[in-house]
Structures are given as structure tokens and as C-alpha cells.
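Novice: Below: one structure in C-alpha cells.
The values are calculated or read from the model by the stated rules, or taken from the named source; none is laboratory data. All values derive from a computational prediction rather than experimental measurement. Counting neighbours? That spans all protein chains shown, and the Cβs are built from the backbone with ideal geometry, glycine included. Each accessible area value is taken on the protein alone, full model and side chains, heavy atoms only, with ligands, DNA and RNA left out. Shrake-Rupley method; radii C 1.70, N 1.55, O 1.52, S 1.80 Å.
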Amino acid sequence: MTTPLNLHEEVASALRDGHPVVALESTILSHGLPPGRNLDVARRLERVVRDGGAVPATIAVLDGRVVVGLSPAELERVCAPDAGLDKLSLRDLGPAVGLGRSGATTVASTSALAAAAGIGMFATGGLGGVHVGAAQSWDVSADLGVLAKVRTVVVCSGVKSVLDIPATLEVLETNSVPVLGYRTDDFPAFYLRSSGHQVGWRVDDPKQAAAVVAAHRAYADSGVLLANPIPEASEMDKELHDRLLAEGLALVAERGVHGADVTPVLLEHFHTASGGVSIDANEALVLNNAKLAAEVAVALA
């Protein structure tokens, strides 16, 4: 019988010695970026974390084994064009492991697995949230429910503008998840630096963020969301963004796409119709988030 978690020796050693570790998800590599570019970004993400003084732990499920900290060969496998990995949220981990399948972990499953491994810091691109029309569809990302239950800090660039952002912030509040704006009073909207909605609290450096996280953990078992806007130079033009979003929503309606399939269709439209601008933006923001996560992890350690 396999052990529940298979930690890379470097990750296990860092955790034993109290050194900072940053978890990284694999879905952004296998499902969010094109082949070739995904492997380059995967390596750069790990390098950014190392340069920041922390140990990277990219997480995936390979042949029924939960792997926390991929080897170079495993990273290549996750990023291969023919990898054929399932997309695994927390609800999918049991079936994938039990059936010996391979898959990439989402924000929800990565957050939970990081917490189980003893890793308290996780860098990603964007958080899932409440979908527009959720009052009828009940379509709410599992990311929010998991953050309510695990102590992981999720560093991200807010949520995509296609989501119901006010409702998403309400659910986070209901679940006692503090939302911190990093050097901003505005909650970011992934490709855009501001969604037009305010954050509850603001921190201006990694030490402040670490102090808030440490204090929160003394009183609550929920996670913390550290919202880090996309770098100013990489922000998508607002007019282009709004046009692509309107076209994407029309495409979704025309095809009758629902539920978990909506976001991939919209992202694919953004990637193709923007001529790669959205992919550049995605890459810039996730690398920026990994850098900040490493800095906060070091401050916490």
C-alpha cells in the first residue's frame, strides 16, 4: 500500500529543519499553458521560489501516488503534450489515487495537500469563486470551501473577472478567510489590477503579511488569501479585456457550456483571440505571486 503523501527528499528535509517551503499547483501547467511554454514556466516558478530563499514543492498525482515536490523528470511528464492528466480537485483525489490514475492538482486540492504535508504557503495564478448565476446553478468553486478548512496561505491575483466577485468575497467572509491586499486597497481581477471592489485589509511588505498570518493562525483554522495584483507593466488593456470577455460569454451561451467547463472555454478564447497577450499576462502574474510567496514564507520561518 502506498503512503498518503510522497515527499521529495528536499521538501521533506526542509520541513524537518523548519526551512520555508512554497507549494505550487500543477493544473496551471497541464491545463493552463500551452506545451513547451508550460515546462519553461514550471522551471522558472521553481527558480523564483529558490531565489527567494524557499524550497519549491510542485504537487501532482502520478500513477495513484500523491507527489509533493516533483523531480525534473516528473515535471517534464506533467508538462508533456501527451500527458493526458486528469484535472483533480479535492473531491477527485480519492478516486484518482484509488484507481491509480494521474492528474494535475487545482487550487483546492493543492491547498489541502500542502496543508497535509505541513506546507503553509501556496502560490498560484487565480482563485476559483462564485459563478455568475450561482443562485440558480449553485456553481461555487471548491477552492472557497477548502480555504475555509485548511490553514494554507494562498497567494494569487484575485479571481477572474468572469466570476461574481462580490459574491466570492462574501463567501470568503462567511468562511472567516481574511483577504489581504498586497500594496493595494483593491481586490485584483487576474488580468486586471483592480476589480473595483475593496479588500478587507492591506499589507505593504512580506513582514506585515507574515505577522498577519501568524496572528490569524493563533485564533482560526481557516486559510488566508493574499491578493497580489498583476505587475503594472503586464496588465491587460481594459478595452481588450472587456471585448474578449463579452465575446467569450457569448461563445459560452452559444455552445450551451455550463459549470466547470465555462472557465476553460473562456480562457481558451482569451488565449487565442488576444494573440497570446493573455498568456503573457498569466505567466507574469503567477511568477510574481511565487516571488511574493517565497518572501512571506521566509519572513514566517
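Novice: Using θ = phi - 60° and the Karplus form 6.51 cos²θ - 1.76 cosθ + 1.60, what ³J(HN,Hα) does each residue of the stretch 77-91 get, whole Hz, x for Gly and Pro?
Specialist: Coupling constants for the stretch 77-91: 4, 4, 8, 5, x, 9, 4, x, 7, 6, 9, 10, 8, 4, 5 Hz.
Novice: Also: What is the pair-distance distribution P(r) of the stretch 240-301, computed from all Cα-Cα distances in 10 Å bins starting at 0, with each bin given as a whole percent?
Specialist: 21, 35, 23, 16, 5, 0
Novice: Quick one: the Cα spread of the stretch 71-219 along its three principal axes, in angstroms, biggest first?
Specialist: If we take the Cα atoms of the stretch 71-219, the spans are 43, 39, 28 Å.
Novice: Let me ask you something else. Quick one: what do you get for the stretch 1-133 if you divide its Cα Rg by 2.2 N^0.38 Å?
Specialist: Details: Rg = 14.0 Å, N = 133, 2.2 N^0.38 = 14.1 Å.
Computed over Cα atoms of the stretch 1-133, the ratio equals 0.99.
Novice: Next question, about the same structure. Highest mean first, what order results for 162-171, 23-32 on Cβ atoms within 10 Å? Let's see the in-between values first.
Specialist: Values: 162-171: 19.6, 23-32: 25.6.
Descending packing order for the listed peptides: 23-32, 162-171.
Novice: If the chain between W201 and A253 were fully stretched, how many nm would it gain, using 0.36 nm times the residue separation less the Cα-Cα distance?
Specialist: Result: 15.1 nm gained on full extension.
Novice: Right, another one. Is the stretch 165-206 rounded, prolate or oblate when judged by the Cα gyration tensor, a ≥ b ≥ c being the square roots of its eigenvalues, rounded requiring a/c under 1.5 and prolate requiring a/b larger than b/c? Intermediate results must be reported in sequence, preceding the final value.
Specialist: Numbers: a/c = 2.34, a/b = 1.18, b/c = 1.98.
Since a/c reaches 1.5 but b/c is at least a/b, the shape of the stretch 165-206 is classed as oblate.
Novice: Let me ask you something else. Give the long-range amide H neighbours of D86: residues separated by 5 or more places, or on another chain, with amide H under 5 Å away, using H modelled in the peptide plane at 1.01 Å from N.
Specialist: It is S102, G103, A104, by chain and number.
Novice: Pop out the ³J(HN,Hα) list for the stretch 62-72 in order, Karplus 6.51 cos²θ - 1.76 cosθ + 1.60 with θ = phi - 60°, rounded to Hz; leave Gly and Pro as x.
Specialist: Computed from phi, the couplings for the stretch 62-72 are 10, 6, x, 10, 7, 10, 10, x, 7, 6, x Hz.
Novice: How long are the semi-axes of the equivalent ellipsoid of the chain, defined as square roots of 5 times the Cα gyration tensor eigenvalues? Whole Å, largest first. Intermediate results must be reported in sequence, preceding the final value.
Specialist: Details: eigenvalues 141, 107, 71 Å².
Working from the Cα gyration tensor, I get semi-axes of 27, 23, 19 Å.
Novice: Testing the spin-label approximation: label points 7 Å from Cα along Cα→Cβ at R37 and S137. State their distance in nm.
Specialist: 2.5 nm
Novice: Then there's this: Please list the three semi-axes, largest first and in whole Å, of the ellipsoid equivalent to the stretch 89-154, using sqrt of 5 times the eigenvalues of its alpha carbon gyration tensor.
Specialist: Listed largest to smallest, the semi-axes of the stretch 89-154 are 21, 17, 10 Å.
Novice: Roughly speaking, to the nearest percent, how much of the stretch 19-149's 1.4 Å accessible area is carbon and sulfur? Don't skip to the answer; put the middle values down first.
Specialist: On the way: 2710 of 5080 Å².
About 53 percent, which is the carbon plus sulfur part of the accessible surface.
Novice: In whole percent, and with a 1.4 Å probe on the protein chains, what portion of the accessible area of the stretch 199-259 is carbon and sulfur? Don't skip to the end; give the middle numbers.
Specialist: On the way: 1870 of 3450 Å².
Carbon with sulfur: 54 percent of the solvent-accessible area.
Novice: Calculate, for the chain, the solvent-accessible area per residue in square angstrom, rolling a 1.4 angstrom probe over the heavy atoms of the protein chains.
Specialist: Accessible surface, normalised per residue, equals 43 Å².
Novice: Rounded to two decimal places and with Rh computed the Kirkwood way over Cα pairs, what is Rg over Rh for the stretch 181-301? Numbers along the way, then the final one.
Specialist: On the way: Rg = 16.9 Å, Rh = 16.1 Å.
Value, to two decimals: 1.05.
Novice: Which shape class, rounded, prolate or oblate, goes with the stretch 39-111 when its Cα gyration tensor gives a ≥ b ≥ c as root eigenvalues, a/c under 1.5 marks rounded, and past that a/b bigger than b/c marks prolate?
Specialist: Values: a/c = 2.29, a/b = 1.60, b/c = 1.43.
Prolate, since a/c reaches 1.5 and a/b exceeds b/c.
Novice: Between A83, A189, A60, where does the largest GNM mean-square fluctuation fall for the chain, given springs only between Cα atoms within less than 10 Å?
Specialist: A83
Novice: Between G126 and residues 5 or more places away or on another chain, which pairs have amide H atoms under 5 Å apart, with H built 1.01 Å from N, and which residues are they?
Specialist: S157
Novice: Using amide H atoms built 1.01 Å from N in the peptide plane, name the residues 5+ places from S194, or on other chains, whose amide H lies under 5 Å from its own.
Specialist: Correct list: A189.
Novice: Mind checking which lysines have their C-alpha under 18 Å from K207, skipping anything on the same chain fewer than 8 residues away?
Specialist: Straight-distance partners of K207: K291.
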